[in-house]
Structure formats: structure tokens, C-alpha cells
Amino acid sequence: MKINKRNMLLYAITDRQWLNGRTLASQVEEVLKNGATFLQLREKNLPYNELVMEALEIKEIAARYNVPFVINDNIYAAKEAGADGVHIGQGDASYKKARELLGDGKIIGMTAHNLKEALAAQKAGADYIGAGAVFATSTKNNTIPMSFSTLKEITDNVTIPVVAIGGINHVNITKLKDSGIAGAAVISALFAQEDTGSATARMLNLCREVING
């Protein structure tokens with residue numbers, strides 16, 4: 001599966017810390033049913049076998065909604081589970097390893113914190129860039145928010161889709177208008193909400209306003 005800018009409009013990233021008795025699968029179902037256009041499974045602490053089993057379950061849900069599904073960092077789990085691809089950090093070696101293992105037909109997204117990293121990701125062959133963190137975020141410690149000018153510099157100088165990530169919520173997303181992004185990657189503004197589906201529908205409308213004007 002390959003992607004285009006339309007796939008990046010609302011990029012949902014899972015986080016199980018807010019399940020509160022719900023299952024991750026049920027949350028993912030609500031997010032996709034209410035309009036998320038891309039899905040990343042992010043699990044930093046699950047044992048490998050559990051990650052693969054979870055990925056297999058989530059993959060089936062994503063397929064029902066025809067939403068691209070990638071796994072964060074773990075190339076081997078992405079291959080074993082048959083995910084649509086992987087999202088990895090910076091480094092040509094990581095990209096080459098991912099492409100060799102997954103093949104040309106899979107999605108490989110890369111993180112960029114500045115223009116230099118974004119250009120390197122594009123040159124390596126990445127399918128899209130996750131740029132940020134654009135706002136302060138509790139998901140990653142010690143992050144320095146990316147300035148609007150840096151985000152705009154990235155979108156002005158690369159041709160692959162750029163999705164903004166980091167601390168984006170229903171209030172501050174409007175600050176990303178005219179930045180040139182293809183979409184927003186969101187974690188807590190979806191998965192930490194009591195009504196995940198409603199939060200997703202609201203965020204989708206906001207993304208449309210911000211990205212499409």
C-alpha cells in the first residue's frame with residue numbers, strides 16, 4: 001500500500017495508558033469509524049510476541065476501514081504482522097534496513113526535527129515525514145517545540161507529505177494553519193478522551209479546516 005496526502009489528514013497514534021478498562025481494539029475501532037485516515041500502533045513496552053499479536057488484531061480493523069496501518073519503530077514486527085509499513089527515526093541505515101526487510105510496496109515514514117533531517121529522509125526514500133514536536137508534549141520527555149517557521153521551511157522544501165506531530169489538540173491545531181502540512185498526528189487528543197469517537201470526529205473537522213482552508 002502506498003499513500004498520498006489525503007491519507008495523512010488525521011494520523012492517529014495509539015497509546016494504551018488511557019484505556020481505563022477499554023480495549024485498545026475498541027478504541028481503534030472508534031477512531032477509525034469516526035474518520036481517522038492513518039493509524040500508527042505505538043507500543044514501547046510490549047514484549048515482541050504480544051506486539052505482533054496486537055498488531056494482527058489492529059491490522060484487521062484498519063483493513064475494514066481501508067486505513068493505512070504502520071507500526072512504530074519495530075521493523076520485524078511490521079513484517080511478521082503484515083502491517084502496511086513502519087515509522088522510524090532518523091538515519092539512512094535504519095531506512096535501508098527497513099526497506100530491505102519490508103520491500104518496495106510498504107510504507108516507511110521517518111521523523112524529522114529540522115530541515116536537514118527532512119531532506120535526508122526524503123533523499124533516503126521515505127514516503128512521508130513526521131515533523132515535530134510542534135507543541136510541548138507529555139508523550140516524549142525533554143522535547144523542544146518546533147517553531148512554525150521551521151515547520152514551514154520543511155514543507156516548503158520537500159515534496160513528500162509532511163504530518164505535524166507533538167502535543168496537538170483541539171485548541172492549538174488552528175495555529176498550524178498555512179504551515180503547508182498534509183495533516184496532523186494526534187495521540188492524547190483522541191485516545192485520552194472519554195468519548196474517543198466524538199473527539200476523533202471533531203479533530204477531523206478541525207484538520208479539514210486547517211489543511212484545506
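The values are calculated or read from the model by the stated rules, or taken from the named source; none is laboratory data. The structure displayed is predicted, hence computed values, not measured ones. As a convention, Cβ positions derive from the backbone with ideal geometry for all residues, glycine included, and neighbour counts pool all protein chains shown. Side chains included, ligands, DNA and RNA excluded: accessible areas come from the protein's heavy atoms. Shrake-Rupley method; radii C 1.70, N 1.55, O 1.52, S 1.80 Å.
Descriptive notes on the structure:
- Residues that are in a helix (DSSP H, G or I) and in contact with a Pro (Cβ under 8 Å, 6 or more places away or on another chain) within segment 15-70 comprise just one, ALA62.
- So ILE165, is it open to solvent by 30 Å² or more (accessible area, probe 1.4 Å), among the β-branched types (Val, Ile, Thr), under 16 Å from the mean Cα position of the chain (by Cα) and closer than 19 Å to PHE69 by Cα: yes
- Restricting segment 1-43 to residues that are polar (S, T, N, Q) and at pLDDT below 95, the residue that is nearest to TYR65 (Cα to Cα): ASN4
- Test for ALA78: is it of a type in the set (Gly, Ala, Ser), closer than 30 Å to ASN157 by Cα and not in a loop (DSSP other than H, G, I, E, B): yes
To keep it simple, each residue is scored yes or no on (1) among the β-branched types (Val, Ile, Thr); (2) farther than 18 Å from ILE187 by Cβ; (3) open to solvent by 20 Å² or more (accessible area, probe 1.4 Å).
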| site | (1), (2), (3) |
| --- | --- |
| ILE3 | yes, yes, yes |
| ARG6 | no, yes, yes |
| ILE13 | yes, no, no |
| ARG42 | no, no, yes |
| PRO47 | no, yes, yes |
| TYR65 | no, yes, yes |
| ASP73 | no, no, yes |
| GLU80 | no, yes, yes |
| VAL86 | yes, no, no |
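- Hits in segment 172-213 (condition: polar (S, T, N, Q) and either surrounded by 15 or more Cβ atoms within 10 Å (Cβ to Cβ) or within 16 Å of the chain's Cα centre (by Cα) (or both)): SER179, SER188, GLN193, THR196, THR200
- Listed by position, the helices (runs of 4 or more DSSP H) inside segment 117-213 whose residues that are among the polar types (S, T, N, Q) and within 22 Å of LEU19 (Cβ to Cβ) number at least 1 are 188-191, 196-212.
- Residue match in segment 104-114 (condition: part of a helix (DSSP H, G or I), surrounded by fewer than 20 Cβ atoms within 10 Å (Cβ to Cβ) and of a type outside the set (Gly, Ala, Ser)): no
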